[in-house]
Amino acid sequence: MSIELTQDHVFQTYSRQGRPFVKGRGTKLYDDQGNEYTDFLAGIAVCSMGHCHPDITAAICAQAATLVHVSNLFYTRPQAELAKVLTEKSFADRVFFANSGAEANEAAIKLARRFFQAKGETDRFKIVTMQQSFHGRTMATLSATGQDKIKKGFYPLLDGFIHVPFNDIEALKAVLDDTVCAVMMEPVQGEGGVIPADPEYIKAVRQLCTDTGTLLVFDEIQTGMGRCGTLFAHESYDVTPDIMTLAKALANGVPIGAMLATETAAQGFDIGSHATTFGGTPIATAAGLEMIRLICQEGLLASVREKSAYFLEQLNVLKEKHQKVVDVRGRGLLLGMELDISKGKTATEYVSECFKKGFIINAIQDKILRFAPPLIIGTAEINQLVAVLDSLFAGEDH
Ligand SMILES: *Cc1c(COP(=O)(O)O)cnc(C)c1O
């Protein structure tokens, strides 16, 4: 029923898999025929505390019964408190709430431009981003994105974006001049293939930006909220940006986005410069507050780092064992496995095979398997997935 209705009435912009899901609990999802799946994707790095975490469900329900929406013409407690916690736990002093990742990045792009234009530096509007980056699907954020396939058919794009190769400091140096207002990058490229920034590179980027007065924007939409083993991925690199964007896991599945900035960078916006009707609604921010409390519980982030090390070790065993596996990489519980698809099955085909065996994983560019399980995934579940992959790869050994 849901499948036919979707195919008949929803834009056909997604290729969907399997039977409709009807229920989620922790690391498990259930389809309408009662089949159970172990989720190593978490709704694309979103449901980090697992599906329907009871404390988050309780926070959503309590808020839904109290106050749902008043707009940003008024004050609300959950939004104020979430902003307080986010600024206490990060480099940032101020938060602008949005409804999605693309919108958070849109706000960052606008802030970076207006920061200089408000000072009369009207020629300083260019933004440097990385090749293979992903920043969203709105016109500004797809213009920022460093992947042609995302832009195809949407020309002309927004003016003023320069893409440079990732992890190449000389390439960045070559384009940084007084027409550039910001450098925007992901600490670990997610959609680009699970590619972490080199520690020396990201430090050098920070230094270059400081030296040239350029704003540094970290897109932590996928890497933030504990995904990479620290609350924000940049903490493990020991660098801080001027602006950071969050979304995906921020409210464990309730739509939300946030753009955080230092007090200095935040001066680019004043009353009336940017706005959204829904941004930071009481339900989304109440869920976000509970989410942060859970992620910052004693031991949670340490357990992410431990499970990451274990998972990586197991994936590396598969790499040693099977020619099919060319590379294993990532940070925290955002891991990628690159496959040799010159012969045999593609990553997408492996995703289907895993799905048939009750495991949800994801493929990028048809050759990289991405694993982004809920942060509460168990070691036993990691072992089960690794065993499934092992048996599937064995079919291609010779
Ligand atoms: C998912 C993602 C976005 C876009 O977020 P949406 O909520 O889909 O608009 C932007 N940047 C990164 C790094 C992402 O992973």
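The values are calculated or read from the model by the stated rules, or taken from the named source; none is laboratory data. Quick caveat: nothing in here was measured; it's all calculated off a predicted structure. Using ideal geometry, Cβ is built from the backbone for each residue, glycine included, and neighbour counts are taken over all protein chains shown.
Quick look at the values:
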item	result
Filtered residues of the range 356-382 (kept if in contact with a Ser or Thr (Cβ under 9 Å, 6 or more places away or on another chain) and polar (S, T, N, Q))	none
Near pairs, Cβ below 6 angstrom, 6+ apart or cross-chain, from the range 243-256 (among the basic types (Lys, Arg)) to any residue that is assigned to a helix (DSSP H, G or I) and near the ligand (Cβ under 9 Å from one of its atoms)	Lys248/Ala45
Only listed residue being among the hydrophobic types (A, V, I, L, M, F, W, C) and not assigned by TED's automatic domain parsing to the domain that holds Phe91, chosen from Phe355, Phe269	Phe355
Flag for Leu216 being of a type in the set (A, V, I, L, M, F, W, C), more than 15 Å from the ligand (Cβ to nearest atom), free of Cβ contacts under 8 Å to residues at least 40 places away in the same chain and under 20 Å from Ala92 (Cα atoms)	yes
Residues of the range 326-350 satisfying the condition of being in contact (Cβ under 8 Å) with a residue 40 or more places away in the chain, crowded, with 21+ Cβ neighbours inside 10 Å and more than 25 Å from Glu220 (Cβ to Cβ)	Tyr350
Qualifying positions in the range 176-202 - assigned to a loop (DSSP other than H, G, I, E, B), away from the ligand (no atom under 16 Å from the Cβ) and among the acidic types (Asp, Glu)	Asp177, Asp178, Asp198
Residue within the range 284-301 that is more than 16 Å from the ligand (Cβ to nearest atom), over 30 Å from Leu208 (Cα atoms), among the aliphatic types (A, V, I, L, M) and without any contact (Cβ under 8 Å) to a residue 40 or more places away in the chain present	no
Where Phe232 falls short, out of the listed (1) in contact with a Gly (Cβ under 6 Å, 6 or more places away or on another chain); (2) assigned by TED's automatic domain parsing to the domain that holds Pro373	(2)
Hits in the range 111-148 - residues which are outside any loop (DSSP other than H, G, I, E, B), within 15 Å of the ligand (Cβ to nearest atom) and surrounded by fewer than 18 Cβ atoms within 10 Å (Cβ to Cβ)	Met139
Answer residue from the range 150-175, given it is touching a strand residue (DSSP E or B) at 6+ places or on another chain (Cβ under 7 Å) and in a loop (DSSP other than H, G, I, E, B) and is farthest from Gln365 (Cα to Cα) among those	Gly160
Any hit, the range 56-73, residues being touching a Gly at 6+ places or on another chain (Cβ under 8 Å) and part of a loop (DSSP other than H, G, I, E, B)	yes
